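Structure first, commentary second.
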Amino acid sequence: MRYDGIIVHYAELATKGRNRGTLVRELCDNLRRALAGEAVAAIERQLGRIWIVPEANGELGESALAKCSRVVGVANCALALCCPLELEAMKETALALVRDRTYASFRVRAHRSFKEMPFASLEVDHEVGGYLFDHKPARVQMRGAELEIVIEMLPQGAFIYCDRRRGPGGLPSGMSGTVACMLSGGIDSPVAAYRMLRRGCRALYIHFHSQPFLGKASEEKVIELVRHLTIHQARSTLFLVPLGELQREVVTSTPMKLRVILYRRFMMRLASRIGLEAGAKAIVTGEALGQVASQTLTNLTVINDAASLPVLRPLISFDKQEIIDQAQLLGCFEISIQPDQDCCQLFVPSHPETHAKLEEVVAAEAALDIEALCADTLRRTSVVAFDAQGKIVSRLELHEAEEQRRTFAKRHGGKAHVQSE
């Protein structure tokens, strides 16, 4: 069947009062980016809904619907037919929608969005339902029907559809600012990143690896995770930070029991520097209280001390099964459980400190040239850019990416940040 367009509903945005218009425009822009390559002629705002119109000779189908359903801010969406606000036209259009469908039970549910409509929603339910029953007999069932036909009556016409596809909901990506998400490659951190995406954040990603001491498995896995997450924000940037040489220096110069804490503090320093340069307002991690030795409340406080940005932990009160359940819903669980080697497992002590004292940690760090270690690590950091489809479009050393930013800023004036859009 050739549909007239896609109708998109949002939920939380409708409660935002004076800011609603700005947020809906942001959602429309995100939909436009997500639908790049599809035959879209226009994206229109219509009384608490968004109507996506195909090109004159084009068609919007399952591919476009799937892309819409992944955009953060979308509550649900459906392929729809549109007809004039006339009872006979609505009957014929509803029949055309279900003519080739097989179903044992159905119901019609009409909504009237303005009171000037000459007939009420209940009247449309009865008239269209009776017409469908006469031409395609099936049991009318008001609850739990196999097929529900929805008719939304707006000033522009009647929009008729079934098979609504659920979206992620939340707030449009970008409206809450940029955050730097630390991705380990495990189960937790992608879920934490996704929860921030649903709160309207735009995410850039930072992965710490221990090459050449460990293999490339964690890097390859994280690239797949970023591909998966990118469908929710249309373009992403991943920073791949080599921590191995820094870790070797920590091992040779500091007490064994503090190694993991020191690793995490260096990660916070590096993530802060990358995030600040890229315009991020906070660091996001997948840490959950008490899950591993470094995630006791005492240790988290000591680790936070090294950060120059606020640290957000969306999963702090979650237990492991709750995180696994969300990872499965997100669709990243199977990627996350692929075997790899976490950089924090390199040179890890058998009995790490669970209640580190800040003064003891700072004293241990006095044996290290922190600035030199951070500068050397950043010098060897690489930057991977992904397009809206999760395809890698560039891979540069950090200093090359910075040079590109400076060139861009010089041409266009002001400062250009590396960030996902």
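So the values come out like this:
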quantity	calculated
The one condition in (1) farther than 16 Å from residue 330 by Cα; (2) over 14 Å from the mean Cα position of the chain (by Cα) that residue 187 fails to fulfil	(1)
Where a residue in segment 248-277 is modelled with pLDDT under 95 and its partner, wherever it lies, is among the aromatic types (Phe, Trp, Tyr), with Cβ under 6 Å and at least six apart	251/347
Matching residues in segment 273-305 - criterion: being within 13 Å of residue 358 (Cβ to Cβ) and touching a strand residue (DSSP E or B) at 6+ places or on another chain (Cβ under 6 Å)	304
Any hit, segment 11-29, residues being among the small types (Gly, Ala, Ser), at pLDDT below 90 and closer than 17 Å to residue 174 by Cβ	yes
Cross-chain or 6+ apart pairs with Cβ under 9 Å, segment 224-245 first and farther than 19 Å from residue 275 by Cα, then assigned to a strand (DSSP E or B) and acidic (Asp, Glu)	none
Residue count for segment 252-301, restricted to those that are out of contact with any His (no Cβ under 9 Å at 6 or more places or on another chain), β-branched (Val, Ile, Thr) and surrounded by 16 or more Cβ atoms within 10 Å (Cβ to Cβ)	7
Residue in segment 138-163 that is surrounded by the most Cβ atoms within 10 Å (Cβ to Cβ), counting only those that are of a type in the set (Gly, Ala, Ser) and assigned to a strand (DSSP E or B)	158
Any hit, segment 285-298, residues being of a type outside the set (S, T, N, Q), under 30 Å from residue 26 (Cα atoms), in the same structural domain as residue 376 (by TED's automatic domain parsing) and within 16 Å of the chain's Cα centre (by Cα)	yes
Tally of residues being part of a helix (DSSP H, G or I) and basic (Lys, Arg) across segment 225-254	2
Test: residue in segment 348-371 that is polar (S, T, N, Q), within 23 Å of residue 211 (Cα to Cα) and either crowded, with 17+ Cβ neighbours inside 10 Å or touching a strand residue (DSSP E or B) at 6+ places or on another chain (Cβ under 8 Å) (or both)	no
Among the residues listed as 105, 113, the single one being modelled with pLDDT of 90 or more and among the polar types (S, T, N, Q)	105
Selected residue (only one of 257, 221 is charged (D, E, K, R) and either assigned to a strand (DSSP E or B) or in contact with a Gly (Cβ under 9 Å, 6 or more places away or on another chain) (or both))	221
Matching entry among 307, 280 (being aliphatic (A, V, I, L, M), over 15 Å from residue 262 (Cα atoms) and outside any helix (DSSP H, G or I))	280
Which numbered condition residue 338 misses (of (1) over 14 Å from residue 189 (Cα atoms); (2) modelled with pLDDT under 95; (3) in a helix (DSSP H, G or I))	(3)
Output for segment 30-50, where each listed residue is modelled with pLDDT of 90 or more and more than 22 Å from the chain's Cα centre (by Cα)	39, 40, 41, 42, 44, 45
Residues of segment 11-60 classified as among the hydrophobic types (A, V, I, L, M, F, W, C), in contact (Cβ under 8 Å) with a residue 24 or more places away in the chain and assigned to a helix (DSSP H, G or I), total	7
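The values are calculated or read from the model by the stated rules, or taken from the named source; none is laboratory data. Predicted model only: the values in this text are computed from it and were never measured. So basically every Cβ, Gly included, is an ideal-geometry build from the backbone, and we count neighbours across all protein chains shown.
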